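Taken together, the values in this text are just the output of simple stated rules run on the coordinates, not laboratory data. Source: prediction; values computed, not measured. No Cβ is skipped: glycine too gets one built from the backbone with ideal geometry, and neighbour counts run over all protein chains shown.
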Amino acid sequence: MRVLTFALLVSYVVMPSIVSAQASESNLDELYIGGPEAPSILSVDYPNPEKWYKPGDVSFTWPLLEEVVAVAAEVVSEPNTEPMETFRPPVSSLSVKAGEWTEGIQYLNVQFKNDEKWGPFTSYKVMIDNTAPEPFSVQVALHDGSQRGVVVSAETTDELSGLSHFELSVNGSSAQKMTVEEARRGYFTHIDGEGTQNIRMTAYDTAGNLRSETTPVLSLPPATIDAGVNPVGYVASEPASLLVALMAGLMLLTFGYLVYERQRYSIAVADLRREAEDIQTQMLRIFSALREEIYDQIGAINKKTRLTKKEKEAVDGLSKALNVSEKLLEKEIKDVKKLLK
């Protein structure tokens, strides 16, 4: 019965000129009527059928139905091929050793049988790549910017699973990950040391295979620039010195402005003191002249033999007012002198 089923399946698959695809699919469905449902295959080791893997020891499992009396399971290169290796009593798992895999795309086909017939089979795709990317060369270009370092580029191919990414390290330092496009365009990396530096580029394919290439680079100390000969170049190479120079210039300008304002203030105070002294002198002269004139008038009045009561009161009030005015004037002059000291 199993040979007959396989022969019928081959006739439907290999001879498409005899029957249409729709009719073939319909006949295949009829062929499996009465058999168990197709298995559900799982794998913890290769969980994603659309991902490339390196060959390894892999286990596949599937839940058994109660009606199943036999299981057929086989790794084949075509998905539309019934498995020929039969297990009685039925098994719920299959292990494949690393050495049993072949590179490329293959399929684990599993099929159930009940007391009557075989049911439809399930194909679990497995993609194996055990070949590293093609050899390549590492290109290094000096970086013409202000930072010390080089621009590293590399390009290669991987025929089977395709490239995943590159990693770059200098003298065994921690790797810097980059995309395939970044590696092709050129990737900048710092170089702090001097002397020979070993730059290592590693290409990975999507299955995890890798190929590494190393190239030595001679790192020289940065050229020193004499500030006296080339001040512009010195400032460009030493940005910190430019900042210090700007801060020193700003402080010098601030100090000069403070000195200028202090001198201007001193000149203004001196002018004000001089004007005040001139006003004081003029006020004293005017007040002295007025005081003498008033004393002359009081003396002339006092020469009269007979003064009325009102005239005496006026003379006394005038003398008192003169004394009070003289004291107030002296006080104000003292206050102005204190203010201008």
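Numbers below:
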{"item": "24 Å Cα-Cα reach of Lys51 towards lysines, excluding residues that sit fewer than 8 places from it in its own chain", "result": "Lys97, Lys125, Lys177"}
{"item": "15 Å beta-carbon shell around Thr131, net charge (K/R +1, D/E -1)", "result": "-4"}
{"item": "Zone of Thr214's modelled label, taken as backbone nitrogen in the range 185-205 under 20 Å from a point 7 Å along Cα→Cβ", "result": "189-204"}
{"item": "Scattering profile of the range 51-141 at q = 0.17, 0.23 Å⁻¹ [log10 I(q)/I(0), Debye over alpha-carbon scatterers]", "result": "-0.75, -1.14"}
{"item": "Nearby lysines by direct alpha-carbon distance to Lys310 (threshold 19 angstrom, same-chain neighbours under 8 apart not counted)", "result": "Lys320"}
{"item": "Cα principal axis extents for the range 139-219, largest first, Å", "result": "40, 22, 17"}
{"item": "Length added when fully stretched, Leu258-Ala314, from 0.36 nm per residue minus Cα-Cα", "result": "14.2 nm"}
